[in-house]
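Handing you a structure now.
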Amino acid sequence: MTIANPTISQASTIDHSKPSPAANVQVTKWVQKMIDLCRPDQVVWCDGSKAERVRLTQQAIDAGVLIKLNEQKLPNCYLHRSNPNDVARSEHLTFICTPSEDMAGPTNNWMETKAGYAKLRPLFDGCMKGRTMYVVPFVMGPIGSPLAKVGVELTDSIYVVLNMRIMTRMGDVAWKQLGESDEFTRCLHSLGDVNPERRYICHFPYDNTIWSFGSGYGGNALLGKKCLALRIASVLGQQQGWMAEHMLLMGAQSPQGEKTYVAAAFPSSCGKTNFAMLIPPKKYTDQGWKITTVGDDIVWMWVDEKSGRLRAINPEAGYFGVVPGTSLHTNPNAMFAMNKDTIYTNVALTPDGDVWWEGKTDAAPPKAIDWQGQEWTPDSGRKASHPNSRFTAPMVNNPALDPAANDPDGVVVSAIIFGGRRSRTIPLVFQAFNWVHGVYLGATMGSETTAAAVGQQGVVRRDPMAMLPFIGYNIRDYLVHWFRMRKKMSDCPRIFNVNWFRKDDQGRYLWPGFGENMRVLKWIIDRCQGRAYAKETAIGWMPRAEDIDIEGLAVTRDQMKQLQSVNLEEVKAEIMSQEELFLKLAGDLPKEMIFQRELLVTRL
Ligand code: GTP
Ligand code: SPV
Ligand code: MN
């Protein structure tokens with residue numbers, strides 16, 4: 001069978017096959033070039049309309065890409081099963097492509113720019129024969145925000161299109177935001193044959209280009225997310241004096257009506273979505289405390305020239321959240337958010353067209369179809385859902401969405417929290433002495449690896465600012481950028497460190513977590529507003545046991561002391577384990593890092 005290579009002007013028999021009249025000539029020229037490379041049978045220009053969603057969803061169902069779920073229980077919700085070899089981000093197949101290796105630095109996989117294109121071009125060559133190429137225009141950031149960025153993703157995955165329309169502001173709105181400008185991120189994506197041997201996620205920051213081949217999953221394929229909003233954006237931020245960070249952004253309103261916004265960087269699958277959607281314990285809601293979500297995964301921050309304060313927006317429009325562990329007990333807001341208009345990926349399907357995952361309910365359903373499409377019963381000895389199974393839900397579904405979530409001017413950030421998943425050593429909460437010390441704490445943060453990325457799980461690795469897999473340039477320059485940001489601010493956020501995951505000798509979590517994290521947040525807010533007490537310790541400012549409210553908790557004051565205990569021998573071992581990162585940076589370690597380590601050692 002010979003397939004004609006459709007050009008933009010030829011492919012007029014199919015709906016939406018012509019370039020959007022709103023797309024500028026730079027866009028249409030680039031799209032035509034990519035059509036010539038990938039040679040799809042059809043091209044579909046997406047407009048973001050509801051009619052388009054209905055049409056594409058039906059096509060995805062017909063193609064077996066989506067399974068419609070029970071319309072009564074879960075209106076407009078669908079299940080997708082990804083290829084079992086393609087269930088998480090693949091960090092070892094993710095590359096920063098720059099002229100020199102030094103530009104990517106010691107923590108990134110690197111390809112020389114031309115070599116990167118040369119490696120991927122043969123893979124993309126004709127890869128869309130027999131397939132449809134979707135042209136997906138999107139905006140990262142509230143419309144009209146000076147920081148908002150336009151991207152155009154070309155993809156042969158209808159699942160990616162349907163996810164992008166939830167996760168971003170997708171459709172004609174992007175052409176309006178772009179106008180006649182050439183400043184859009186050129187995102188090219190193909191599933192290829194979904195073979196890990198031919199899987200590459202390549203970033204070309206100096207061409208504003210992303211080429212991703214061979215994966216249909218999450219951060220590998222929804223190119224607006226980790227690829228654009230973190231890796232490419234972090235490069236722009238460094239050049240232009242702002243920051244792109246792997247952080248949630250939440251508002252906390254006190255009974256007196258005072259609103260404090262807090263950003264928090266926790267590594268993948270370490271609690272951002274849950275913290276961002278936190279519902280305070282009853283005692284606090286009765287008093288009038290209210291938590292609202294601006295974002296659950298990524299923030300862009302800049303210094304407001306007038307006030308000298310740090311402001312932030314969430315560039316995304318939806319949540320791509322971890323499902324296992326999510327329940328009406330742990331995160332009711334997330335459960336509400338994914339009750340409608342949601343795409344589930346790699347969860348189990350029950351006989352009544354509902355979904356299930358580990359931790360959703362105490363009792364497992366008597367039978368189900370597991371994430372790989374196999375018959376499953378509770379005694380089958382395997383998990384029904386994949387540990388990195390996800391929901392994609394629009395943020396407007398979140399009952400606790402912050403009123404400023406769409407505000408182009410963003411919100412003022414009063415606190416920055418760093419937090420890893422640490423069974424041992426790291427206390428529940430402490431505060432950095434100042435910005436420079438806080439940057440040191442973030443830079444040396446360790447966390448046990450999770451199912452969000454392919455590879456060994458549960459091993460402590462250094463994950464500076466939870467950005468190890470997402471810094472699009474040399475980590476040396478990234479750390480310097482963090483230190484320098486301080487000088488732009490007249491009043492900087494306070495910096496904290498938390499650990500919800502400390503365990504006792506029996507391996508049980510010492511802290512109840514989830515909604516109860518409000519108690520820790522309350523101390524953090526009170527510190528920011530100059531109200532709470534803290535004592536000076538070797539590692540930072542710490543609340544005394546009585547400074548954290550444990551009324552109504554099963555946690556005793558003794559357990560609280562255990563949660564907050566600092567063992568100097570363990571701290572020394574921690575300092576030694578940071579050497580791995582310091583050695584990688586070798587002679588390039590910013591001097592603030594060295595001074596902070598020396599000060600810490602002298603305090604021990
Ligand atoms: P990414 O989307 O991968 O960036 O993850 P995330 O940082 O948003 O993590 P998320 O909130 O989805 O939580 C990941 C896992 O940790 C889930 O299984 C949660 O149930 C669990 N978790 C979140 N918060 C807490 C907590 O306070 N305590 C405990 N024990 N578990 C938590
Ligand atoms: C993460 O891994 O940090 C995620 C999921 O938020 S993904 O979109 O796959 O990157
Ligand atoms: Mn994340």
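The values are calculated or read from the model by the stated rules, or taken from the named source; none is laboratory data. Because the structure is a prediction, the values reported are computed rather than measured. So basically every Cβ, Gly included, is an ideal-geometry build from the backbone, and we count neighbours across all protein chains shown.
Of the residues ARG544, ARG531, ARG519, ARG527, which single one is over 18 Å from THR292 (Cα atoms), of a type in the set (D, E, K, R) and buried (at least 16 other Cβ atoms within 10 Å of the Cβ)? Write out each step before concluding.
Numbers: ARG544 fails: buried (at least 16 other Cβ atoms within 10 Å of the Cβ); ARG531 fails: buried (at least 16 other Cβ atoms within 10 Å of the Cβ); ARG519 fails: over 18 Å from THR292 (Cα atoms).
The conditions single out ARG527.
Still on this structure, please answer the following. Within the range 151-165, identify whether any single residue is touching a Lys or Arg at 6+ places or on another chain (Cβ under 6 Å) and farther than 18 Å from ALA405 by Cα, and answer yes or no.
Applying the first criterion (touching a Lys or Arg at 6+ places or on another chain (Cβ under 6 Å)) to the range 151-165 yields 156.
Now narrow it down to the ones that are farther than 18 Å from ALA405 by Cα: 156.
For the range 151-165, residues touching a Lys or Arg at 6+ places or on another chain (Cβ under 6 Å) and farther than 18 Å from ALA405 by Cα: present.
Condition check: surrounded by fewer than 19 Cβ atoms within 10 Å (Cβ to Cβ), within 28 Å of the chain's Cα centre (by Cα) and touching a residue at least 40 places away in the same chain (Cβ under 8 Å). Does LEU79 satisfy that? Please lay out each step first, then the result.
Numbers: surrounded by fewer than 19 Cβ atoms within 10 Å (Cβ to Cβ): no; within 28 Å of the chain's Cα centre (by Cα): yes; touching a residue at least 40 places away in the same chain (Cβ under 8 Å): yes.
So LEU79 does not fit the description; no.
What are the pairs with Cβ atoms under 9 angstrom where one residue, in the range 226-242, is among the charged types (D, E, K, R) and the other, located anywhere, is within 16 Å of ligand 1 (Cβ to nearest atom) and in a helix (DSSP H, G or I)? Sequence gap at least six, or different chains.
Within 9 Å, the pairs are LYS226/GLY218; LYS226/GLY219; LYS226/ASN220.
Return the residues of the range 447-479 that are touching a residue at least 24 places away in the same chain (Cβ under 8 Å), surrounded by fewer than 21 Cβ atoms within 10 Å (Cβ to Cβ) and more than 14 Å from ligand 2 (Cβ to nearest atom); say none if nothing qualifies.
Scanning the range 447-479 gives GLU448, VAL460, ARG462, ARG476, ASP477.
Another question, then. Pull up the range 470-515, narrow it to residues that are charged (D, E, K, R) and in contact with a strand residue (DSSP E or B) (Cβ under 7 Å, 6 or more places away or on another chain), then point me to the one that is farthest from ligand 1 (Cβ to nearest atom). Give the steps one after another, and end with the answer.
Let us first name the residues in the range 470-515 that are charged (D, E, K, R), namely 476-477, 484, 486-488, 491, 494, 502-505, 508.
If we keep only those that are in contact with a strand residue (DSSP E or B) (Cβ under 7 Å, 6 or more places away or on another chain) too, we end up with 488, 494, 503.
Working: LYS488: 27, ARG494: 21, LYS503: 9 Å.
The residue in question is LYS488.
Being free of Cβ contacts under 8 Å to residues at least 24 places away in the same chain and more than 30 Å from the chain's Cα centre (by Cα) is the filter here, so list the residues in the range 375-392 that pass it. Break it down stepwise before answering.
First, pick out the residues of the range 375-392 that are free of Cβ contacts under 8 Å to residues at least 24 places away in the same chain: 375, 377-382.
Residues satisfying the conditions are GLU375, THR377, PRO378, ASP379, SER380, GLY381.
Please list, ordered by residue number, the strands (runs of 3 or more DSSP E) wholly in the range 199-247 having 3 or more residues that are touching a Gly at 6+ places or on another chain (Cβ under 8 Å), under 18 Å from VAL139 (Cα atoms) and within 16 Å of ligand 1 (Cβ to nearest atom).
Numbers: elements: 200-204, 209-213, 243-245.
In the range 199-247, no matching strands (runs of 3 or more DSSP E) lie anywhere.
Here is a yes/no grid of residues against (1) within 16 Å of VAL460 (Cβ to Cβ); (2) modelled with pLDDT of 95 or more; (3) hydrophobic (A, V, I, L, M, F, W, C):
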residue	(1), (2), (3)
THR556	no, no, no
LYS561	no, no, no
SER565	no, yes, no
GLU580	yes, no, no
LEU585	no, no, yes
LEU589	no, no, yes
GLU592	no, yes, no
PHE595	no, yes, yes
LEU600	no, yes, yes
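Hey, ARG603 hits all of (1) in contact (Cβ under 8 Å) with a residue 60 or more places away in the chain; (2) within 32 Å of the chain's Cα centre (by Cα) but one; which does it fall short on?
ARG603 satisfies all of (1) in contact (Cβ under 8 Å) with a residue 60 or more places away in the chain; (2) within 32 Å of the chain's Cα centre (by Cα) except (2).
So which residues in the range 121-159 are in a helix (DSSP H, G or I), among the aliphatic types (A, V, I, L, M) and buried (at least 19 other Cβ atoms within 10 Å of the Cβ), if there are any at all? Please lay out each step first, then the result.
Initial filter on the range 121-159 (in a helix (DSSP H, G or I)): 121-124, 158-159.
Among the residues that remain, those that are also among the aliphatic types (A, V, I, L, M) are: 123, 158.
Answer for the range 121-159, where residues must be in a helix (DSSP H, G or I), among the aliphatic types (A, V, I, L, M) and buried (at least 19 other Cβ atoms within 10 Å of the Cβ): just ILE158.
Right, another one. Looking only at the range 221-270, which residues are within 13 Å of ligand 3 (Cβ to nearest atom) and among the acidic types (Asp, Glu)?
GLU245
Can you tell me which residue within the range 361-374, out of those that are in contact (Cβ under 8 Å) with a residue 12 or more places away in the chain and among the small types (Gly, Ala, Ser), is farthest from GLY325 (Cα to Cα)?
GLY373
Please work out which residue is nearest to ligand 3 (Cβ to nearest atom), limiting yourself to the range 285-311 and to residues that are under 13 Å from VAL411 (Cα atoms) and of a type in the set (D, E, K, R).
ARG311
While we're looking at this one, here's another question. Only one residue in LEU120, LEU93 is among the hydrophobic types (A, V, I, L, M, F, W, C), touching a residue at least 40 places away in the same chain (Cβ under 8 Å) and over 29 Å from ALA348 (Cβ atoms), so which one is that?
Details: LEU93 fails: over 29 Å from ALA348 (Cβ atoms).
Matching residue, one of LEU120, LEU93: LEU120.
Another question about this same structure. Tell me, yes or no, whether the range 482-499 has at least one residue that is at positive phi and without any contact (Cβ under 8 Å) to a residue 60 or more places away in the chain.
Just the residues of the range 482-499 that are at positive phi, to begin with: none.
No - not one qualifying residue is present in the range 482-499.
Follow-up. Could you grab me the full set of residues in the range 350-367 that are buried (at least 24 other Cβ atoms within 10 Å of the Cβ) and aliphatic (A, V, I, L, M)?
The answer is VAL355, and nothing else.
Going by the structure shown, is ASP362 away from ligand 2 (no atom under 16 Å from the Cβ) and farther than 22 Å from ILE279 by Cβ? So that I can check it myself, show each step before the final result.
On the way: away from ligand 2 (no atom under 16 Å from the Cβ): yes; farther than 22 Å from ILE279 by Cβ: no.
When the stated conditions are applied, ASP362 does not pass them.
Now, a different point. Restricting the search to the range 250-271, which residues are assigned to a strand (DSSP E or B), within 14 Å of ligand 2 (Cβ to nearest atom) and surrounded by 24 or more Cβ atoms within 10 Å (Cβ to Cβ)? Working first, answer last.
So the first thing to find is which residues in the range 250-271 are assigned to a strand (DSSP E or B), and the list is 250-253, 259-265.
If we keep only those that are within 14 Å of ligand 2 (Cβ to nearest atom) too, we end up with 264-265.
Listed by number, the list holds a single entry, ALA264.
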